[in-house]
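Chemist: Mind having a look at this structure? Questions to follow.
Read-outs: derived from the displayed coordinates by stated rules, not from any lab. Please read all numbers here as calculations on a predicted model, not as lab measurements. Cβ placement follows ideal geometry from the backbone for every residue including glycine, while neighbour counts extend to all protein chains displayed.
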Amino acid sequence: MSTLFSIVIDGVAYGMVLFTISVGLSVTMGLMRIVNLAHGGFALLGGAFTHWAMTGLGLPFLAAAPLAIAMVMLLSLPMERLLYRPIYKMGELQQVLATIGITFLIIASVNWWLGSTLQSIQLPAFMSGAVNLGLRTLPTQRVYVIIAGLLVICGLYILIERTRFGIKLRAAVDFPGTAACLGIDTSKIFLITFALGAGLAALGGILGAEILPIEAYYPLRYMVLFLTVVAVGGMGSITGSFLAALGLGILDTATRYLLPDFGTVFFYFAMILVLGIRPNGLLGKSLS
Amino acid sequence: MKFPSKWALATAGLAMIQSVAMADDTVKVGIIAPFSGPFASYGQQFKDGIDVYVAEHGVMAGTHKVEFVYKDSGGPNPAGVKAATQELLIKDGVKYLGGIVFTPNALAIAPLITQTKTPTVLFNAATSIINTKSPYFLRTSMTLPQVSAPMADWAIENGIKTVVTTVTDYGPGIDAETAFTKEFTAKGGKVIDAIRMPIQTSDFGPFLQRVKSKAPNAVFAFLPGGAPAFAFSKAYSDNGLAQAGIKAIGTGDIDDETTLQGLGASGIGIITSHHYSQAHDSPENKAFLAQLHKLRPNDVSNYATIGAYDGTFLLYKMISSTDGGDAAVKSVEGMSWTSPRGPVKLDPVSRSLDQNVYIREVVKGADGKLENKEIATYKDVPDLGMPAH
């Protein structure tokens, strides 16, 4: 019983970390239909800026993290205009090649700037340590990640489904020509959405840094993880990513408790199974 | 008419280059290490060690001028390292080699250095078997069995009777688990669970919860340095194992100086065994650190830095007193000296160092930074992994 409880608690906590680091990718890759392999690069920049703001400028975490997210979003604006604009029109393979090139650029820049060692983010006292749940303890940081994850999914749902911006975004993605004719500024919509995706990536990089520590090779090391969550969840579905992240998190945690020697086999087996039965992912719409 | 074989040509070319090198009396040393990629910090640590030695002793070894030629190996990359070594030996005409981070990289060049009789000083590769693959390998780092067994001795002496081992599921992890378990059970300790963690693990919480449920006196850990070791220590402190009275012990790989500060408060109290701590209290280490900080004020010294520093010492000895080849290796076998890490001896059989292994505890130092404070010493430990011993 206590093992089951532990699996659920740890699984949800891990799944929420997976969700916060991949939801940005779900936005750019799913809503904007670009295969953005540089997603991890934005997460890395978020973590690296936070580390820099805390150690270099001496800011506390709660000031450094929003500053870092703002810096990443600001940086993403010229990148969208100069680099991504031409990439939108490319085929899928070309998008993969172009965005992995951007990933290498980001890795090399961070490596040159901060070196290849670990860039730690020291959490404030109220976020570190453990909370007692009665039956067992849970790292306090995970509680905040779970709260942040829930806020992100609610916020995105409202933004995309319930606001004028969301309607315009969906129109711009599905029928760009018609949307433009109706006076929707599609290029501006894409710019804002791209910056939103980059900002969410940065948030995920910062919140996930306890278990996916920030270092220059971060984007390549965890790329498969992000892509798995988005692919299993279904392209373009935020809820799908959420369910996939929780499911995979619980599954991966369960195997670690019960069958540690099997490693991550079940994680990838689940991916094959889901994509075998539902090629567009759990909640994916067919891309026709 | 018979054409000379490719090898004869290459050897003739090599001989010519060597005679040219001898004419201006410069001896070239090839250093193969990761200078780019995820392991680039090793290259930087090596370069620090070499530069400190050169700053202290000048560019002359006896009557020869020493010139270092650096080659980037990236990560574990046997084919690339083999090609780079061929290039160093034939094109650059190096007479000695040094560096090398990963075991597969060392194994890949063994046949080459045997053929060309090139003394090669391993600054880091840490599997015992490497030195049996060529008589020209010399090692100034450590081997995992060498540092894992003393950890078991210390545990027994300090009242730890039950342990759960947690190691990353790959070669060095299994080496560490085997050496620790053998020594620990031989001395009467009990390993109640042995967990091998997949190499891609990022969330170590579940493993540590499992450890916690078994309630051992301590958890023994080996993980590759950097991200995994960092995440493991975080998970150890966040899951309240210390409060439950479970000590964290392991090899120095999990808290080396390049990642130590990142652990923050969660690192305090972790106990590890290793052959070098930047906080080692000796005049040699103080002089070494003073020189390092004069050259690179922001760099730290870790096991790779010290491996390179002592390796450069051996290279200089060989260059100053011999013309290379077998005589060079002979000239340093059995040699003893005082390194910044403490007294060491190059064992003539294993060609690895017999050296002190220190048990260290992570504490907050006088400057407010974390350090590996030495709390016990096991003197003159040989490479316990050599079949000959």
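Chemist: Quick one: B:VAL27, A:VAL232, B:VAL59, fewest Cβ neighbours within 10 Å first, how do they rank?
Modeler: With the sparsest Cβ surroundings first, the list reads B:VAL59, B:VAL27, A:VAL232.
Chemist: With 21 Å as the limit, write out which pairs from B:LYS234/B:LYS364; B:LYS91/B:LYS330; B:LYS161/B:LYS214; B:LYS182/B:LYS345; B:LYS117/B:LYS317 have Cα-Cα distances beyond it, or answer none.
Modeler: The answer is B:LYS91/B:LYS330; B:LYS182/B:LYS345.
Chemist: Sticking with this one: Could you give the nm distance between label points at A:LYS89 and B:LYS91, where each point is 7 Å from its Cα heading toward the beta carbon?
Modeler: 4.2 nm
Chemist: List every DSSP H helix in chain A whose Cα atoms extend 20 Å or more along the helix's own long axis and whose mean Kyte-Doolittle hydropathy is at least 1.6.
Modeler: Helices meeting the criterion: A:2-25, A:61-79, A:186-207.
Chemist: Any idea which of A:ALA254, A:SER2, A:VAL152 is furthest toward the positive side of the dipole for chain A, if Lys and Arg beta-carbons carry +1 and Asp and Glu beta-carbons -1?
Modeler: Towards the positive end, the residue furthest out is A:VAL152.
Chemist: Something else about it: Output the DSSP H helices from chain B with an along-axis C-alpha extent of no less than 24 Å and a mean Kyte-Doolittle hydropathy no less than -1.0.
Modeler: B:6-23, B:40-57, B:303-321
Chemist: OK, next. What do you get for Rg/Rh over the protein assembly as shown if you use C-alpha atoms and the Kirkwood form of Rh?
Modeler: That ratio equals 1.01.
Chemist: Dividing the alpha-carbon Rg of the stretch A:213-266 by 2.2 N^0.38 Å yields what?
Modeler: In units of the globular-protein estimate, the stretch A:213-266 measures up at 1.27.
Chemist: On to the next question. What FRET efficiency comes out for the pair B:ILE199/B:ALA327, r = Cβ-Cβ distance, R0 = 35 Å, nearest 0.05?
Modeler: 0.25
Chemist: Aspartates and glutamates near B:LYS71 by alpha-carbon distance under 13 Å, same-chain residues fewer than 8 away left out - which ones?
Modeler: Qualifying aspartates and glutamates at Cα under 13 Å: B:GLU87, B:ASP92.
Chemist: Ordered by residue, what ³J(HN,Hα) values in Hz, to whole numbers, does the stretch B:132-142 give under the Karplus form 6.51 cos²θ - 1.76 cosθ + 1.60, where θ = phi - 60° and Gly and Pro are x?
Modeler: For the stretch B:132-142, the Karplus curve yields 7, 8, 7, x, 9, 7, 10, 10, 10, 9, 8 Hz.
Chemist: Taking every Cα atom in chain A, find the radius of gyration and the maximum pairwise distance Dmax, and write them in Å.
Modeler: 18.9, 60
Chemist: Give or take rounding to whole Å, what are the principal axis extents of the alpha carbon atoms in the stretch A:186-288, in descending order?
Modeler: 50, 37, 20
Chemist: Which of A:THR255, A:THR117, A:THR186 moves most in a GNM of chain A, Cα contacts under 10 Å?
Modeler: Its mean-square fluctuation being the largest, the pick is A:THR117.
Chemist: Quick check for me: using +1 on Lys/Arg Cβ and -1 on Asp/Glu Cβ, what's the dipole size of the protein assembly as shown about its Cα centre, in debye to the nearest 20?
Modeler: Dipole of the protein assembly as shown, to the nearest 20 debye: 1420 debye.
Chemist: Could you name the lysines in cross-link range of A:LYS89, using Cα to Cα under 24 Å and dropping any fewer than eight places away on the same chain?
Modeler: A:LYS168, A:LYS188, A:LYS285
Chemist: Under a Cβ-only charge scheme (Lys and Arg +1, Asp and Glu -1), can you give me the dipole magnitude of the stretch A:2-277 about the Cα centre, in debye to the nearest 20?
Modeler: 520 debye
Chemist: In whole Å, how far is the Cα centre of the stretch B:32-68 from that of the stretch A:151-183?
Modeler: Going from one Cα centre to the other spans 57 Å.
Chemist: A further question follows. What list do you get for B:LEU88, B:LEU107, B:LEU97, A:LEU77 if you sort them by fewest beta carbons within 10 Å?
Modeler: The fewest-first ordering by Cβ neighbours comes to A:LEU77, B:LEU107, B:LEU88, B:LEU97.
Chemist: Where the only charges are on Cβ atoms (+1 Lys, Arg; -1 Asp, Glu), what is the dipole of the stretch B:107-219 about its Cα centre, to the nearest 20 debye?
Modeler: So the magnitude is around 120 debye.
Chemist: Taking +1 at the Cβ of each Lys and Arg and -1 at the Cβ of each Asp and Glu, which of A:TYR218, A:GLY56, A:ALA180 sits farthest along the dipole of chain A towards its positive end, judged by Cα position relative to the Cα centre?
Modeler: Of the options given, the answer is A:ALA180.
Chemist: From other protein chains only, count the Cβ atoms within 10 Å of every residue's Cβ in A:208-218, then give the mean.
Modeler: Averaged over the peptide's residues, the number is 6.
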